[in-house]
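Values in this text are rule-based calculations from the coordinates and carry no lab data. All values reported here derive from a predicted model rather than from experimental measurement. Because the Cβ atoms are built from the backbone with ideal geometry, glycine has one as well, and the counts that use them run over all protein chains shown.
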Amino acid sequence: MKRPVLVTGSSGLIGSEIAMVFHERGYLVHGIDNNQRAVFFGPQGDNRWNQGRLLREIPGFQHHELDIRNRQGILDLVNEIRPQVIIHTAAQPSHDRAADIPFDDFDTNAGGTLNLLQAARLYCPESPFVHMSTNKVYGDKPNAIRLKELETRWDYDDPAHAQGIDEHFSIDQSKHSIFGASKVAADVMVQEFGRYFNMPTCCLRGGCLTGPNHSGVELHGFLSYLIRCNIQQKPYVINGFKGKQVRDNIHAHDVAEFILAFIDSPRAAEVYNIGGGKQNSCSILEAFNLAEKFTGRPQIYSYQDTPRVGDHICYYSDLRKMISHYPKWSITKSLEQTFKEIVEQWHARLRV
Ligand SMILES: NC(=O)c1ccc[n+]([C@@H]2O[C@H](COP(=O)([O-])OP(=O)(O)OC[C@H]3O[C@@H](n4cnc5c(N)ncnc54)[C@H](O)[C@@H]3O)[C@@H](O)[C@H]2O)c1
């Protein structure tokens, strides 16, 4: 009998990668996804193609067309499956989109997470529960760190942050965006179920999570969208900070590998900042150069001075806690490799 794993958001970037990696590890993969990404972002966010890919490539893959806001549906499904691991990646993932749909955002991100936590507590409290959180839980507080302006990027000008942002950084009293606030609620609740009920829960506060299987749109999926614009020769709009704002990019495969390491040796109520770290960081201007290198096409863009509300000027994750707890884990996909894979996948998907 294969061990069951339950992956929410299984048609998305992270969920689909996890489904594949757990299948390769011999698990029976159950995925929950109702293609809500297409509702949030329109046809370009449609993830049915990725759902189809999982059904084709994972023998026995169980797709559940269920909304995580459906409390009874989630309770019944977890009761039926009794998963040995739950990995929760379903979300309204966009900072900017949330302001227009605050009920959908909160009900999905906070309410949906609570539904899953309570189901886990009732039916599989020993099973590791991994939650994809976000660096937006820190709000715009990272922008208060002293910065230096370099030719193509901003960087921290404070030795305390030479390695990036660690997990002790305050999540309080800053501007989070509506999305950031709903993710804080979920993040704290996941920690609470770990502490209060002694469940093996973990929050992964993502920087920029990326890879070839993202349906990147303007409002979410920075590198995927930027590269798509390059390939289709559509203008990319830079919002403020001279295009020197820095993101740390981690390939979904390295996220999945960390989750495997965690479930092999789970801890309770843990929090990790998971991103590409400084080594895999780039500014938007630097991302243009890399995209051009792999597509051979110029990046067409325009600049508008107003930054996105609460956007980070410079953010990269301090990975030392992850590595100290799980020393066998490391970043295996370089930024260049990640760009190359995203370019190849867009060529295949767009047939250009
Ligand atoms: N991609 C990033 O840069 C990034 C950065 C930090 C944190 N995260 C977090 O990681 C997680 C995964 O992100 P992603 O990039 O894979 O997102 P994604 O949009 O590619 O995948 C999420 C999936 O969840 C599904 N979904 C959404 N609402 C649902 C609902 N109510 N019921 C059932 N399914 C639903 C969507 O249809 C989608 O397929 C999210 O929690 C996100 O906040 C992502």
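If R0 is 45 Å, what FRET efficiency do you get for ARG308 and MET1 from their C-beta distance, rounded to 0.05? Calculated transfer efficiency: 0.40. Kirkwood-type hydrodynamic radius, segment 1-111: 14.2 Å, calculated from all non-identical alpha-carbon pairs. Give me log10 I(q)/I(0) at q = 0.17, 0.20, 0.23 Å⁻¹ for segment 263-336, Debye formula, one equal scatterer per alpha-carbon, no solvent. With one equal scatterer per Cα and no solvent, log10 I(q)/I(0) is -0.85, -1.00, -1.13.
Above 11 Å, the calculated P(r) of segment 35-81 contains 73 percent of its Cα-Cα pairs. Shape annotation for segment 187-241: C-alpha extents along the principal axes are 52, 27, 12 Å, from largest to smallest. Summing charges over neighbours of LEU66, with a neighbour being any other residue whose Cβ is under 14 Å away from its Cβ, gives -3 when K and R count +1 and D and E count -1.
Based on the Stokes-Einstein relation at 20 °C and a viscosity of 1.002 mPa s, and on the Kirkwood radius from alpha carbon pairs, segment 157-290 is assigned a translational diffusion coefficient of 127 µm²/s.
Out of all Cα-Cα pairs in segment 127-196, roughly what percent, to the nearest whole number, are more than 16 Å apart? Here the tail beyond 16 Å accounts for 57 percent of pairs.
3J(HN,Hα) along segment 33-43, derived from phi through the Karplus expression 6.51 cos²θ - 1.76 cosθ + 1.60 where θ = phi - 60°, amounts to 6, 10, 6, 4, 4, 5, 6, 5, 10, x, x Hz, with x in place of Gly and Pro. Could you compute the net charge surrounding ASN249? Neighbours are other residues with a C-beta less than 14 Å from the C-beta of ASN249; K and R count +1, D and E count -1. For residues surrounding ASN249, the net value is 0. A full extension of the chain between ARG195 and VAL39 corresponds to an added length of 52.7 nm, given 0.36 nm per residue minus the alpha carbon distance. Take every DSSP beta bridge whose two residues both sit in the chain; close to 15 percent of them are antiparallel.
Residue ranges 14-21, 45-52, 309-316, 293-300 sort as 14-21, 309-316, 45-52, 293-300 when ordered by packing (mean number of other C-beta atoms within 10 Å per residue, highest first). Legend: distances between Cα atoms for LYS141/LYS328; LYS175/LYS278; LYS136/LYS175; LYS148/LYS278; LYS183/LYS278; LYS183/LYS244; pairs beyond 21 Å are LYS141/LYS328; LYS175/LYS278; LYS183/LYS278; LYS183/LYS244.
Per the Debye formula on identical point scatterers at the alpha carbon atoms of segment 101-226, with no solvent, log10 I(q)/I(0) at q = 0.10, 0.17, 0.22 Å⁻¹ is -0.40, -1.04, -1.32. Every helix of 4 or more DSSP H residues in the chain counts as -39500 (n - 2.57), and over all residues that averages to -11500 deg cm²/dmol at 222 nm.
Give me the Å³ per residue figure for the convex hull around the C-alpha atoms of segment 218-352. It would help to have the intermediate numbers written out before the result.
Numbers: hull volume 15.8 nm³, N = 135.
Hull volume normalised by residue count: 117 Å³.
Charge dipole (Cα centre; +1 on Lys/Arg Cβ, -1 on Asp/Glu Cβ; no other charges) of the chain amounts to roughly 460 debye. For segment 196-337, the relative contact order comes to 36 percent (Cα pairs under 8 Å, sequence separation of at least 6). Max-minus-min Cα coordinates of segment 207-277 on each principal axis give 46, 26, 17 Å, with the largest extent listed first. Remark on VAL271: its backbone amide H falls under 5 Å from those of CYS203, a criterion applied only to residues 5 or more positions apart or on other chains, H modelled at 1.01 Å from N. In summary, the chain shows an alpha-carbon radius of gyration equal to 0.93 times the 2.2 N^0.38 Å reference for compact globular proteins. Descending by average beta-carbon neighbour count within 10 Å, the peptides 182-188, 59-65 line up as 182-188, 59-65, the highest first. Largest GNM mean-square fluctuation across ASP96, ASP254, ASP305, computed for the chain with C-alpha springs under 10 Å, falls on ASP305.
Can you tell me the alpha carbon radius of gyration of segment 61-171 divided by the globular rule-of-thumb value 2.2 N^0.38 Å?
Ratio of Cα Rg to 2.2 N^0.38 Å: 1.42.
In order along segment 320-329, the Karplus-derived 3J(HN,Hα) couplings, from 6.51 cos²θ - 1.76 cosθ + 1.60 at θ = phi - 60°, round to 5, 5, 4, 6, 6, 7, 9, x, 7, 7 Hz, and Gly and Pro are given as x. Think of segment 69-173 as a dipole: +1 on every Lys or Arg Cβ, -1 on every Asp or Glu Cβ, centred on the Cα centre; then among GLN163, TYR123, ASN70, TYR123 lies furthest on the positive end.
Using C-alpha pairs under 8 Å with a sequence gap of at least 6, the mean separation divided by the residue count of segment 169-257 gives a relative contact order of 23 percent. With contacts taken as Cα pairs under 8 Å and at least 6 residues apart, the chain reaches a relative contact order of 18 percent.
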